[in-house]
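Below is one structure; the comments refer to it alone.
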Amino acid sequence: MPAKPSTDPASTLGMARAERADFLDFLRTLPAEQWEAPTLCGDWRVREVVAHVISYDELTLGGVAAQFARGRFSLDRSNALRLTDYRALSPAELLDAFERHVQPRGLTASFGGMVALLDGLIHHQDIRRALGLPREIPADRLLRALRLSRLAPPIGAWWRSRGLRLVAEDVHWSVGSGAEVRGKGEALLMATAGRLVPAAELTGPGAPVLLARRG
């Protein structure tokens, strides 16, 4: 019998669920035209980012393996394939689908909910930053995401921060050794995830190095 999803709000899975609930509340405020707006996530518009966040929820581990085989073991191609069923959905239909997936399941609930928390939080910011609609991320979620991001190879945080010391100025978190990079925890998370972060948000001798590793 599969394990029952954790309802502990302090667990990673509990935080992932709370993040998705906040994400959904935010999406409900967007007018139709903003669903077609660009984001920080490559060529994806808001609608593609929203679809991506929930697109792996219904896959078992076997389904994930089959999906990656279809995508010739490329994460980008696999992601594109998963979006196929969502491209024709209206914003209202995407909201309905997102509401059905507030509780992560399938692949996104794996690793204790790490996938869902990181994917949800980073992509939430991909949209907010691009639209100029910032928010204050709950400190516990931000700290958990900062710690877990270096354990998730698809994010590339460990690679981008190698040889650097990262210091968050708004939450109690630092890691690494080398040239220092200081900034808010959210800016550090997004920069190490390869997102375009304005240079003014990061300081220290290591900041230009980190920003140059965006690719």
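Selection within segment 4-33: residues that are open to solvent by 50 Å² or more (accessible area, probe 1.4 Å) and either touching a residue at least 12 places away in the same chain (Cβ under 8 Å) or in contact with a His (Cβ under 6 Å, 6 or more places away or on another chain) (or both). The member of this set that is nearest to ARG135 (Cα to Cα) is ASP22. For segment 132-157, a residue qualifies if it is out of contact with any Leu (no Cβ under 8 Å at 6 or more places or on another chain) and of a type outside the set (Gly, Ala, Ser), and the qualifying residues are LEU133, PRO134, ARG135, GLU136, PRO138, ASP140, LEU143, ARG147, ARG150, LEU151, PRO153.
Listed by position, the strands (runs of 3 or more DSSP E) inside segment 162-215 whose residues that are modelled with pLDDT of 95 or more and surrounded by 19 or more Cβ atoms within 10 Å (Cβ to Cβ) number at least 2 are 164-168, 179-183.
Selection over segment 100-130 of residues that are in a loop (DSSP other than H, G, I, E, B) and open to solvent by 50 Å² or more (accessible area, probe 1.4 Å) gives a count of 2. Reported count of residues in segment 79-99, each being under 19 Å from the mean Cα position of the chain (by Cα) and either open to solvent by 50 Å² or more (accessible area, probe 1.4 Å) or among the polar types (S, T, N, Q) (or both), is 3.
The values are calculated or read from the model by the stated rules, or taken from the named source; none is laboratory data. Computed from a predicted model, the values in this text were never measured in an experiment. Heads up, the Cβs are rebuilt from the backbone with ideal geometry, glycines too, and the neighbour counts pull from every protein chain shown. For the accessible areas, the whole protein counts, side chains as well, though only heavy atoms, and no ligand, DNA or RNA atoms are used. Shrake-Rupley method; radii C 1.70, N 1.55, O 1.52, S 1.80 Å.
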